[in-house]
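Working notes, beginning with the structure itself.
Since every read-out is calculated from the coordinates, none of them should be taken as a lab result. All of these numbers come straight from a predicted model, not from anything done at the bench. As a convention, Cβ positions derive from the backbone with ideal geometry for all residues, glycine included, and neighbour counts pool all protein chains shown.
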Amino acid sequence: MLARTVSNVFRGWAGMYVCICNRITDQQVRAAALSGASRPAEVYPACGCAAQCGTCAITMRHLIYEQASRIAAAD
Ligand code: FES
């Protein structure tokens, strides 16, 4: 029962918010990285916005690096 409930909750899960100012999720950052964004300054426009407070930049860099590492490992 619990597994089914959790499954239903996460089925439509859009991701964790990384940027509160612009409501950008980790999924969006990963997608931007897959599309070629290599730094946060390239993620914001890819998501149709601009940097506000910049607090999310460190987490974005981590996610971009993580995505790049996954791509490199797959090659
Ligand atoms: S949290 Fe991303 S710009 Fe403020």
*Applying 1/(1 + (r/R0)^6) with R0 = 35 Å to the Cβ-Cβ distance of residue 52 and residue 74, what FRET efficiency is obtained, to the nearest 0.05?*
0.55
_I need the peptides 27-39, 60-72 ranked by packing, meaning the mean over residues of other C-beta atoms within 10 angstrom, with the highest value on top._
27-39, 60-72
*Give me D for the range 14-74 in µm² s⁻¹, whole number, from Stokes-Einstein with Rh from the Kirkwood sum over alpha-carbon pairs, 10 °C and 1.306 mPa s.*
142 µm²/s
*Read phi for every residue in the range 47-53 and hand back ³J(HN,Hα) as whole Hz from Karplus 6.51 cos²θ - 1.76 cosθ + 1.60, θ = phi - 60°, with x for Gly and Pro.*
9, x, 8, 10, 4, 10, 7
